[in-house]
């Protein structure tokens with residue numbers, strides 16, 4: 001059967017298969033009257049279908065293995081599959097040979113396909129993309145063939161949404177949709193100028209980035225018009241290489257493809273942007289129905305389609321009617337002209353279509369409508385109605401232009417004068433400070449106070465210069481940790497800016513960003529969002545003119561949204577900032593900062609491995625580009641330390657915290673906030689390692705510093721109080737520990753959903769239990785379990801930690817049945833959440849084994865085996881060795897029951913020696929060991 005005959009049979013066969021037996025018989029009778037031979041062939045094919053229902057149900061050849069994550073293709077390592085198409089797969093990949101860091105969209109030829117046509121098309125795509133260089137076309141970055149003969153293309157990875165989803169999700173108006181579509185036209189026009197037809201234009205191949213810019217993807221079936229055999233198209237056979245819903249009639253008929261084929265596909269996309277649906281409404285969504293509609297059906301006007309949608313969605317009635325009225329006329333005609341069945345009736349080129357859309361936006365007559373005198377006159381009057389109103393208006397326009405030029409000149413002079421005044425002021429301030437006879441080093445805070453006083457005196461008549469100065473001083477105050485002084489200065493600055501009618505956009509944005517940062521540092525993120533959120537739309541309009549200020553604005557607003565637990569909103573803001581810093585500013589430090597912000601979101605989303613990888617990647621990029629002594633490295637090392645500590649990797653955590661503190665002291669000195677915070681974080685590691693005096697001294701030094709700058713009711717002060725409480729508990733000072741913990745809880749109680757609040761409640765219950773007050777600890781633990789389950793989910797690993805402590809407390813209270821159930825749940829949740837080797841999991845297993853050992857007579861052999869396995873845990877990990885010591889103590893106590901105490905005392909002496917050597921300051925574990933040791937005697 002030749003191809004032409006099959007093209008006639010295929011749609012009819014699809015339609016017949018969809019019908020029931022009676023309808024199928026009637027349709028065949030009708031066809032038999034028109035073409036008996038055709039009806040006979042269709043009956044034979046249907047008989048084959050009925051007789052061989054399982055024919056080709058399984059592939060004749062087993063499919064080849066697909067690519068997998070972490071596979072190396074050339075110099076790239078695969079991360080995850082983004083999508084599949086007719087010719088291959090597209091993967092998100094990263095450069096893995098160490099030359100540079102970059103994410104790419106890696107296109108692979110479908111594995112195992114030996115069809116030379118597909119390989120030829122893949123090679124052709126590489127040639128096509130290499131010729132295309134346009135800001136709205138995804139760039140070709142690299143191409144080659146891997147060692148296992150796998151051809152690949154490395155394309156620019158575009159983060160965005162299909163153009164239709166973007167417009168629908170943001171409910172863009174008609175003008176904004178047309179402007180986005182014109183970017184698509186520019187890209188397609190560039191391809192056509194290089195003699196390339198895309199042939200598969202559809203929304204999923206037209207992405208919009210967070211910066212409102214279009215990227216055209218996938219030239220996988222593009223046809224080179226200047227290639228050999230221009231009339232031949234190998235993609236017509238066997239596999240349809242275009243998307244049916246957006247295909248032109250000539251593609252369905254198998255006719256030669258031209259640039260006007262892309263015009264038709266663009267017409268479908270434009271129709272969908274205007275009417276939010278495809279041009280054809282079908283009773284059944286089959287390929288045959290679609291082919292018939294594309295070949296013979298006339299699409300309804302987009303405006304009429306919108307009006308029809310009013311009945312199905314009454315909530316949008318007003319908006320849909322307004323849009324239909326705006327589309328009716330010019331845009332209806334433009335869309336329908338592009339959708340003409342015959343290529344010669346469409347626009348002759350994409351440029352002609354784009355020109356008509358530009359004419360529409362400019363209020364000019366569009367060429368898609370009949371050019372009657374009435375229509376052209378209406379357009380002219382509508383376009384020039386103000387200019388034609390009166391001749392006096394011309395004079396007014398000229399006068400306005402003259403005033404504007406004069407105003408611009410004065411504004412430029414004023415900007416120069418303001419910059420000079422600020423420069424002279426700062427220079428004079430330092431000259432005056434240098435002329436003093438005061439011995440000793442210059443006091444920066446006194447210098448800033450003097451600057452503020454002089455600014456009030458000398459810049460009283462230059463409000464812009466004064467506002468700039470106060471912003472600079474506020475930022476310096478933030479760097480010194482003087483948050484309340486910074487807040488006061490920024491409030492004064494806001495009042496000054498509000499009183500200036502034409503305050504520069506850069507000053508307004510930087511003022512809002514500085515104020516937002518201050519509110520976040522003062523733990524008042526709602527005020528940060530309230531101040532910055534109204535300026536977000538203004539910032540988006542200033543992305544091109546003020547990219548640095550806008551990137552800072554997005555980053556700070558994202559951090560405040562993160563504090564408010566709006567993680568997806570924060571992620572979008574960080575991605576916008578990253579796009580600006582990476583592609584517009586080439587700001588390496590800013591890129592690293594945003595990569596760390598995104599890693600923070602992974603940590604918040606309970607993805608610790610992804611967060612660790614994100615921070616390590618950010619730190620590697622920073623060190624490779626600007627060296628090891630950048631202030632950002634302090635923050636990145638501290639975040640790594642925090643995640644490593646949570647994962648029980650105390651050795652790695654101590655190393656990173658120590659490196660962060662060393663760099664902070666070297667760059668900033670002892671009184672800088674970065675140094676104080678790094679010292680506190682390292683002190684927390686020292687608590688875990690049993691170095692309590694050193695940790696207590698560090699927390700004590702930090703406490704007064706924090707209160708002086710943040711006030712007693714700040715979250716950071718409460719966190720420091722909680723740390724002091726844990727140090728006191730480890731040292732056996734129970735009353736002091738409870739006093740510190742209660743002081744922390746008094747501050748944190750304002751937000752009972754805070755994870756810090758849950759943690760301090762848990763620690764208070766732990767201290768009470770250790771002090772022999774288990775009955776007081778029980779209600780606190782029940783409250784912690786309820787709060788954590790509500791916020792994190794009932795199966796979260798933190799709930800598992802709470803279940804373990806509940807089991808230990810109820811064991812002490814003699815509630816054995818409940819205690820056993822809690823301990824079993826603790827093992828299950830920690831093993832599933834932390835993993836089988838995590839210290840918290842091992843601690844839960846130990847608690848359950850100790851319970852079974854004490855309440856079974858005799859204990860099951862599995863309990864002894866479990867204790868033996870726990871006693872052999874590696875002593876290199878500080879937390880695991882604590883579990884090993886306690887398990888070994890339980891085994892020794894069993895030996896004490898043997899005649900003459902057996903070898904129990906010797907085992908206990910050996911464990912005691914190990915504990916004394918590793919924890920010379922004692923601590924809660926040493927106390928527990930000594931209590932158990934007494935039982936042997």
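The values are calculated or read from the model by the stated rules, or taken from the named source; none is laboratory data. Since the model is a prediction, treat every value here as computed from it, not as a measurement. Heads up, the Cβs are rebuilt from the backbone with ideal geometry, glycines too, and the neighbour counts pull from every protein chain shown.
Looking at (1) over 28 Å from residue 651 (Cα atoms); (2) free of Cβ contacts under 8 Å to residues at least 24 places away in the same chain; (3) crowded, with 16+ Cβ neighbours inside 10 Å, can you tell me which one residue 679 breaks?
(1)
When only residues in the stretch 621-640 that are at pLDDT below 90 and under 20 Å from residue 94 (Cβ atoms) count, which is surrounded by the fewest Cβ atoms within 10 Å (Cβ to Cβ)?
Among those that are at pLDDT below 90 and under 20 Å from residue 94 (Cβ atoms), it is 624.
Quick grid of which residues meet (1) outside any helix (DSSP H, G or I); (2) modelled with pLDDT of 80 or more; (3) within 25 Å of residue 244 (Cα to Cα):
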| position | (1), (2), (3) |
| --- | --- |
| 15 | no, no, yes |
| 48 | no, no, no |
| 55 | yes, no, no |
| 80 | yes, yes, no |
| 97 | yes, yes, no |
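When the stretch 442-471 is examined, which residues are found to be farther than 27 Å from residue 713 by Cβ and without any contact (Cβ under 8 Å) to a residue 12 or more places away in the chain?
442, 443, 446, 453, 456, 457, 460, 461, listed by residue number.
Among the residues of the stretch 543-592, count how many are part of a helix (DSSP H, G or I), modelled with pLDDT under 90 and more than 24 Å from residue 103 (Cα to Cα).
Result for the stretch 543-592: 1.
Those residues that are surrounded by fewer than 18 Cβ atoms within 10 Å (Cβ to Cβ), touching a residue at least 40 places away in the same chain (Cβ under 8 Å) and either within 20 Å of residue 258 (Cα to Cα) or more than 39 Å from the chain's Cα centre (by Cα) (or both), I need them from the stretch 317-339; list them, please.
329
Of all the residues that make up the stretch 865-879, how many are modelled with pLDDT of 90 or more and either exposed (fewer than 13 other Cβ atoms within 10 Å of the Cβ) or part of a helix (DSSP H, G or I) (or both)?
Residues flagged as modelled with pLDDT of 90 or more and either exposed (fewer than 13 other Cβ atoms within 10 Å of the Cβ) or part of a helix (DSSP H, G or I) (or both) within the stretch 865-879 amount to 8.
Applying the selection to the stretch 476-503, what residues are closer than 15 Å to residue 516 by Cβ and surrounded by fewer than 16 Cβ atoms within 10 Å (Cβ to Cβ)?
Across the stretch 476-503, the qualifying residue is only 491.
Condition check: without any contact (Cβ under 8 Å) to a residue 40 or more places away in the chain, surrounded by 15 or more Cβ atoms within 10 Å (Cβ to Cβ), outside any loop (DSSP other than H, G, I, E, B) and not assigned by TED's automatic domain parsing to the domain that holds residue 769. Does residue 934 satisfy that?
Considered against the rule, which asks whether it is without any contact (Cβ under 8 Å) to a residue 40 or more places away in the chain, surrounded by 15 or more Cβ atoms within 10 Å (Cβ to Cβ), outside any loop (DSSP other than H, G, I, E, B) and not assigned by TED's automatic domain parsing to the domain that holds residue 769, residue 934 comes out as no.
As an exercise: evaluate residue 729 against (1) assigned to a helix (DSSP H, G or I); (2) under 36 Å from the mean Cα position of the chain (by Cα) and give the number of the one condition it does not meet.
Of everything listed in (1) assigned to a helix (DSSP H, G or I); (2) under 36 Å from the mean Cα position of the chain (by Cα), residue 729 misses just condition (2).
What's the total number of residues in the stretch 137-149 that are at pLDDT below 85 and either closer than 28 Å to residue 184 by Cβ or crowded, with 16+ Cβ neighbours inside 10 Å (or both)?
5
Considering only helices (runs of 4 or more DSSP H) fully contained in the stretch 258-377, which possess at least 1 residues that are at pLDDT 85 or above and more than 27 Å from residue 199 (Cα to Cα)?
Filter on the stretch 258-377 gives 302-312, 317-327, 350-361.
Given the conditions (1) under 30 Å from residue 159 (Cα atoms); (2) modelled with pLDDT under 75, which single one is not true for residue 67?
Of (1) under 30 Å from residue 159 (Cα atoms); (2) modelled with pLDDT under 75, only one is false for residue 67: (2).
Quick one: in the stretch 892-907, which of the residues that are in a helix (DSSP H, G or I) and out of contact with any helix residue (DSSP H, G or I) (no Cβ under 7 Å at 6 or more places or on another chain) is nearest to residue 854 (Cα to Cα)?
That would be 894.
Here's the yes/no breakdown for (1) out of contact with any helix residue (DSSP H, G or I) (no Cβ under 8 Å at 6 or more places or on another chain); (2) more than 25 Å from residue 486 (Cα to Cα); (3) surrounded by 21 or more Cβ atoms within 10 Å (Cβ to Cβ):
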site: 705; (1), (2), (3): no, no, no
site: 711; (1), (2), (3): no, no, no
site: 715; (1), (2), (3): no, no, no
site: 718; (1), (2), (3): no, no, yes
site: 729; (1), (2), (3): no, yes, yes
site: 732; (1), (2), (3): no, yes, no
site: 737; (1), (2), (3): no, yes, yes
site: 741; (1), (2), (3): no, yes, yes
site: 747; (1), (2), (3): no, no, yes
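Go through 778, 787 for me and flag whichever is modelled with pLDDT of 95 or more and within 43 Å of the chain's Cα centre (by Cα).
Just a single option satisfies the conditions, and that option is 778.
Restricting to the stretch 189-214, what's the tally of residues that are in a strand (DSSP E or B) and either out of contact with any helix residue (DSSP H, G or I) (no Cβ under 6 Å at 6 or more places or on another chain) or on the phi > 0 side of the Ramachandran plot (or both)?
Within the stretch 189-214, residues that are in a strand (DSSP E or B) and either out of contact with any helix residue (DSSP H, G or I) (no Cβ under 6 Å at 6 or more places or on another chain) or on the phi > 0 side of the Ramachandran plot (or both) number 1.
For the stretch 865-880, state whether one or more residues are under 29 Å from residue 818 (Cα atoms) and in contact (Cβ under 8 Å) with a residue 40 or more places away in the chain.
Yes, some residue in the stretch 865-880 is under 29 Å from residue 818 (Cα atoms) and in contact (Cβ under 8 Å) with a residue 40 or more places away in the chain.
Given the criteria surrounded by fewer than 17 Cβ atoms within 10 Å (Cβ to Cβ), in contact (Cβ under 8 Å) with a residue 40 or more places away in the chain and either touching a strand residue (DSSP E or B) at 6+ places or on another chain (Cβ under 6 Å) or assigned by TED's automatic domain parsing to the domain that holds residue 268 (or both), does residue 179 qualify?
So residue 179 passes the test.
Give the stretch 648-658 a look and list any residue that's in contact (Cβ under 8 Å) with a residue 60 or more places away in the chain and surrounded by fewer than 18 Cβ atoms within 10 Å (Cβ to Cβ), or say none.
651
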